[in-house]
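Step one of this worksheet: look at the structure below.
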Amino acid sequence: MADSGRAGEKIFQGIPVSPGVCRGRILVVGRPQDEIQKIHVDEEEIGCQVQRLEQALIDTRHEIHEVQRQVSAALGAEEASIFDAHLLVLDDPTFMDEVIRYITQQRVTAEYAFQHVADKYIRTLSGIEDEYLRERATDMRDVTSRILNNLTGSGQQIDLRHLKDSAIVVSYDLSPSSTAYLDRSKVLGFGTDVGSKTSHTAILARSMRLPAVVGLRNASREMQTGQYALLDGFNGLVIINPTDQTLFEYGQLVRRQVTLEEKLQEVRDKPAVALDGTRVIVSANIEQPSDSDAVKASGSEGVGLFRTEYLFINRETLPTEEEQYEAYRRVAAALKPQPVIIRTLDLGGDKFLSHLNLPGEMNPFLGWRAIRFCLVEKDIFCAQLRAILRCSVEGNVKMMYPMISGLEELKKANAMVDECKAELRKKGIPFDENIDIGAMIEVPSAVMAADSLARHVRFFSIGTNDLIQYSLAVDRLNEKIAHLYEPTHPGIIRLIKMTVEAGHRHGIWVGVCGEMAGDPIYTPLLLGLGVDELSMAPASVARVKFLIRRIKMAEVQELAEFSLECDSSREILARSESYVRKVAPGLFEDSPQP
Ligand code: PEP
Ligand code: MG
């Protein structure tokens with residue numbers, strides 16, 4: 001529900017995920033699938049409803065054949081055969097006859113009749129003990145949603161890559177893939193009903209410097225395309241019909257922000273050195289090769305995390321080895337001699353290959369994701385590994401694996417790298433024999449196994465986004481439990497400490513590349529815990545450097561010791577925040593509520 005603000009204003013409160021303020025017209029692009037109403041039709045309209053159903057079946061059949069063709073090209077015929085079961089649902093005469101009978105006898109629309117009969121079948125199938133038959137309920141659900149999309153036209157979406165006018169985009173949700181390709185010249189910012197700070201959609205918004213608010217609950221239903229609004233990405237507000245006074249106050253906030261940005265520019269080319277001389281590596285997270293310009297402009301020391309998934313999504317086919325080589329080479333060459341850490345493919349979770357349309361999983365973050373996918377899809381993995389190895393002679397390239405959960409997995413991945421190296425050697429293709437390989441530490445079991453893992457890699461990079469969700473059992477995408485997603489939870493502090501100690505015991509460096517690394521509130525704590533490198537969105541680099549240059553290591557070590565003893569997330573957070581406010585009060589000049 002929205003609150004009313006000053007005269008005529010309507011204020012929606014959500015979760016701020018990407019700073020900045022924008023104002024313009026709202027464009028609502030996606031609402032949650034509306035419940036299908038029972039609508040009666042006249043006798044003479046029944047034939048037309050049956051025809052609509054038949055047309056939707058034809059369209060759906062075409063769609064499934066097309067998906068099947070693409071899956072077969074990308075993953076092979078066996079994977080594509082899963083869609084045979086979907087086609088069988090479409091061709092089931094008993095089922096379709098029942099739908100037609102329901103339309104005729106009850107005189108209702110095709111979509112209502114279809115949903116009614118499909119729900120009955122799904123309920124029956126889900127209750128059966130036989131696992132094979134229970135699986136058919138999933139196929140049925142999938143096909144049902146395709147047919148309903150075709151019947152209601154809700155599958156037709158606005159093309160967010162090319163908008164006619166500039167707009168604040170509002171949607172029930174936005175996938176990371178749609179966000180990556182938002183029309184940058186027209187989209188001023190975005191708001192979604194669901195989501196959280198560490199979703200990849202939010203991470204992208206920060207990296208694109210696009211103001212964004214998520215968790216706005218019913219915004220996509222209550223806001224209308226064409227309404228004039230102001231979106232405040234600092235405080236998580238969307239204000240419909242802002243008054244002149246509100247616009248004036250926000251104008252002042254934006255001016256303060258510009259002044260702070262100018263001040264931060266002064267540290268851009270200075271090293272991140274604490275007051276006692278301790279040197280910290282500050283690097284950047286990127287998603288696209290073109291982000292290397294932003295990395296250079298940010299004053300960071302190379303790339304600590306290159307999320308390569310974005311080369312794979314939003315396209316009809318997989319990128320070839322050559323295409324990948326060119327993309328990685330471009331970044332490596334642009335930034336050399338600075339290091340570029342390329343993370344191998346981390347598909348799954350909330351990032352999917354749009355063209356593969358693989359069946360959904362109940363728990364995608366616990367499912368066939370990241371290194372688990374790559375160790376099965378060996379051709380896809382090896383093509384990427386060869387591309388990375390080949391570009392290692394073009395700059396200072398390192399690589400790391402996501403979501404390692406134990407030693408076996410790490411050894412298998414390393415063995416595949418060795419195979420790819422042997423293949424290149426045999427063909428006389430040059431690569432850096434001594435390329436550094438690291439493991440992301442983002443699964444609690446990897447922390448427990450860190451001593452063994454450390455013997456097989458040259459560095460650790462802690463992915464706090466996932467480490468927090470997996471350790472605290474808090475879905476990183478779910479706004480309803482966002483308050484439980486606590487980076488300063490005592491359990492998390494101890495896991496980070498254990499990882500750092502294990503890494504240092506074996507003489508390897510330990511970085512953090514999750515969102516915690518780019519939020520200045522956590523910088524002193526992470527450095528106090530002994531972290532060697534922090535990797536973050538380019539937009540955060542100057543703030544973090546500015547702060548590091550005001551830190552005394554003895555003080556932050558004391559903060560870390562306190563935190564390791566403390567059993568309250570809030571107290572740890574309060575201590576961290578008050579330290580940052582004490583040593584760098586200027587950092588907060590642009591954030592207070594106007
Ligand atoms: C993380 O989990 O912290 C991380 C950096 O990886 P991603 O956000 O891409 O899952
Ligand atoms: Mg991760």
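Once you order the gyration tensor axes a ≥ b ≥ c over the Cα atoms, which shape class does region 300-363 get: rounded for a/c under 1.5, otherwise prolate or oblate by comparing a/b with b/c?
oblate
Counting pairs of Cα atoms in region 450-564, how many percent are more than 25 Å apart?
Cα-Cα pairs in region 450-564 separated by more than 25 Å: 21 percent.
Of the heavy-atom accessible surface of the chain (probe 1.4 angstrom), what whole percent is carbon and sulfur?
50
Do me a favour and compute the ellipsoid semi-axes for region 196-333 from its Cα gyration tensor, root of five times each eigenvalue, largest one first, whole Å.
33, 26, 12
Please compute the per residue accessible area over the chain with all protein chains in place, 1.4 Å probe, rounded to a whole number of Å².
Averaged over the residues of the chain, the accessible area is 44 Å².
Principal axes first, then extents: for the Cα atoms of region 492-554, list largest minus smallest coordinate on each axis, whole Å, largest first.
32, 25, 21
Angle between the Cα long axis of helix 93-106 and the longest principal axis of the chain, 0 to 90 degrees, nearest 10?
Between helix and principal axis, roughly 70 degrees.
Take every Cα pair under 8 Å in region 92-183 that's 6+ residues apart, average their separations, divide by the length, and report that relative contact order as a whole percent.
Once normalised by length, the contact order is 19 percent.
Over the Cα atoms, compute the radius of gyration (one decimal) and Dmax (the largest Cα-Cα distance, rounded to a whole number) for region 319-404, in Å.
Cα only, region 319-404: 14.0, 44 Å (Rg, Dmax).
Alpha carbons only, please: Rg and Dmax for region 459-498, in angstrom.
Over region 459-498's Cα set, Rg and Dmax evaluate to 10.3, 35 Å.
Consider all pairwise Cα distances in region 396-438 and report the whole-number % of them above 12 Å.
Beyond 12 Å sits 64 percent of the P(r) for region 396-438.
List every residue whose amide H lies under 5 Å from the amide H of MET400, counting only residues 5 or more places away in sequence or on a different chain, with H placed 1.01 Å from N in the peptide plane.
ILE342, ARG343, THR344, GLY438
Once the whole set of protein chains is in place, how much accessible area is left on ASP276, using a 1.4 Å probe, in Å² to the nearest 10?
80
Rounded to whole Å and ordered largest first, report the semi-axes of the equivalent ellipsoid of region 219-298 derived from its Cα gyration tensor (root of 5λ).
Largest first, region 219-298 gives 36, 19, 11 Å.
Enumerate the amide H contacts of ILE462 below 5 Å, restricted to partners 5 or more residues apart or on another chain; note that Pro and chain-start residues carry no placed amide H.
Amide H neighbours of ILE462, under 5 Å, 5+ apart: ILE441, GLY511, VAL512, CYS513.
What fraction of the DSSP beta bridges in the chain is antiparallel, stated in percent and rounded to the nearest 5?
35
I want to check a number: in region 457-594, how many lysine pairs have alpha carbons closer than 26 Å, given a sequence separation of 8 or more or different chains?
Lysine pairs meeting the criterion: 5.
For region 118-210, list log₁₀ I(q)/I(0) at each q in 0.12, 0.15, 0.24, 0.25 Å⁻¹, using the Debye formula over Cα point scatterers of equal strength and ignoring solvent, two decimals each.
-0.58, -0.74, -1.11, -1.17
How many nm separate the modelled label positions at THR278 and GLN51, each set 7 Å beyond the Cα in the direction of the Cβ?
It works out to 7.6 nm between the two label points.
Could you work out how much longer the chain between ASP244 and ARG134 gets when fully extended? Use 0.36 nm per residue separation minus the Cα distance between them, nm to one decimal.
Length gained, ASP244 through ARG134: 33.7 nm.
Say R0 is 41 Å: what FRET efficiency, to the nearest 0.05, do TYR181 and GLU571 get from their beta-carbon distance?
0.45
Using Cα pairs closer than 8 Å and at least 6 residues apart in sequence, work out the relative contact order for the chain, in percent.
15
Let me have the 222 nm mean residue ellipticity of the chain computed from DSSP H runs of 4+ only, each contributing -39500 (n - 2.57), with the sum over all residues rounded to the nearest 500.
The helix-only estimate for the chain comes to -14500 deg cm²/dmol at 222 nm.
Mind jotting down the distance between the C-alpha centroids of region 251-315 and region 379-432, whole Å?
If you average the Cα positions of each part, the centres end up 27 Å apart.
Run the numbers for PHE562 and ARG107: contour at 0.36 nm per residue of separation, minus the present Cα-Cα distance, in nm.
156.8 nm
Rounded if a/c is under 1.5, else prolate if a/b is larger than b/c, else oblate: which is region 108-152, with a ≥ b ≥ c the root eigenvalues of its Cα gyration tensor?
In terms of gyration-tensor shape, oblate.
Quickly work out the LYS270-to-HIS504 label distance, labels modelled 7 Å from Cα along the C-beta direction, and quote it in nm with one decimal.
Going by the 7 Å Cα→Cβ label model, 2.6 nm.
Please list 3J(HN,Hα) in residue order for region 158-166, calculated via the Karplus relation 6.51 cos²θ - 1.76 cosθ + 1.60 where θ = phi - 60°; whole Hz, with x for glycine and proline.
Computed from phi, the couplings for region 158-166 are 6, 7, 6, 7, 9, 9, 7, 10, 6 Hz.
Can you figure out the FRET efficiency of THR152 with VAL254, using R₀ = 41 Å and their beta-carbon distance, to the nearest 0.05?
The value I calculate is 0.50.
In whole Å, what are the extents of region 54-132 along the principal axes defined by its C-alpha atoms, from largest to smallest?
44, 34, 17
Calculate the spin-label point distance for ASP59 paired with ASP293, positioning each point 7 Å from the Cα along the beta-carbon direction, and give it in nanometres.
4.0
How big is the Rg/Rh ratio for region 395-507, C-alpha atoms only, Rh by Kirkwood, two decimals?
Looking at region 395-507, the ratio lands at 1.07.
Explain nothing, just compute: Karplus ³J(HN,Hα) = 6.51 cos²θ - 1.76 cosθ + 1.60, θ = phi - 60°, for every residue of region 265-270 in order, whole Hz, x for Gly and Pro.
4, 5, 8, 3, 9, 9
For the chain, with equal point scatterers placed on the C-alpha atoms only and solvent neglected, what are the log10 I(q)/I(0) values from the Debye formula at q = 0.09 1/Å, to two decimals?
After summing over all Cα pairs, the log10 values are -0.78.
Quick one: Karplus J couplings for region 491-505, per residue in order, coefficients 6.51, -1.76, 1.60, θ = phi - 60°, nearest Hz, x for Gly and Pro?
Karplus-based 3J(HN,Hα) across region 491-505 equals x, 5, 4, 5, 5, 5, 4, 4, 5, 4, 5, 4, x, 5, 4 Hz.
Quote to one decimal, in nm, the extra length available between THR320 and GLU261 on full extension: 0.36 nm per residue of separation minus the C-alpha distance between them.
17.2 nm
The values are calculated or read from the model by the stated rules, or taken from the named source; none is laboratory data. Nothing here was measured: the structure is a model prediction, and the numbers come from that model. Note that each Cβ is placed from the backbone with ideal geometry, even for glycine, and that neighbours are counted across all protein chains shown. Side chains are part of the model used for accessible areas, which takes the heavy atoms of the whole protein and leaves out ligands, DNA and RNA. Shrake-Rupley method; radii C 1.70, N 1.55, O 1.52, S 1.80 Å.
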